[in-house]
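Values quoted throughout were computed directly from the atomic coordinates according to the rules given, and no laboratory measurement underlies them. This is a predicted model, so every value here is computed, not measured. Using ideal geometry, Cβ is built from the backbone for each residue, glycine included, and neighbour counts are taken over all protein chains shown.
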Amino acid sequence: MDVSAGPHRRIEHTRWKGVSPISVELRPGESQESLLRRFRKAVAEARILPTVRQKRWFTSKSEIRRIKRQKAIRKSRRSRRSS
């Protein structure tokens with residue numbers, strides 16, 4: 001995260017592979033707290049953090065398939081209980 005100095009302050013999200021950059025500029029009369037709040041909201045809406053957390057470690061294709069299969073089993077068990 002980069003907070004630039006100067007009259008037009010700006011918070012920018014650095015670029016990671018597979019994640020689009022986000023920048024938020026300071027509006028006239030806006031506090032630093034509200035600027036940071038808008039930046040956090042933009043990051044949350046863009047779903048950047050889950051993507052970055054997933055890409056923190058390498059996951060093999062077989063591991064991804066195994067996790068998907070486990071999720072499907074749990075989902076089917078839940079749907080059977082509620083029916």
Check which residues have an amide H placed less than 5 Å from Ile22's amide H, if you skip close sequence neighbours.
His13
Using the Karplus curve 6.51 cos²θ - 1.76 cosθ + 1.60 with θ = phi - 60°, what ³J(HN,Hα) values do you get for each residue of the stretch 34-47, in whole Hz, with x for Gly and Pro?
6, 4, 5, 4, 5, 5, 4, 5, 5, 5, 5, 5, 7, 6
In nanometres, what is the gap between the two model label sites at Trp57 and Ala42, each 7 Å from Cα along Cα-to-Cβ?
3.2
Extending each Cα 7 Å along its Cβ direction at Gln32 and Lys71, get the distance between those two points in nm, one decimal.
3.9
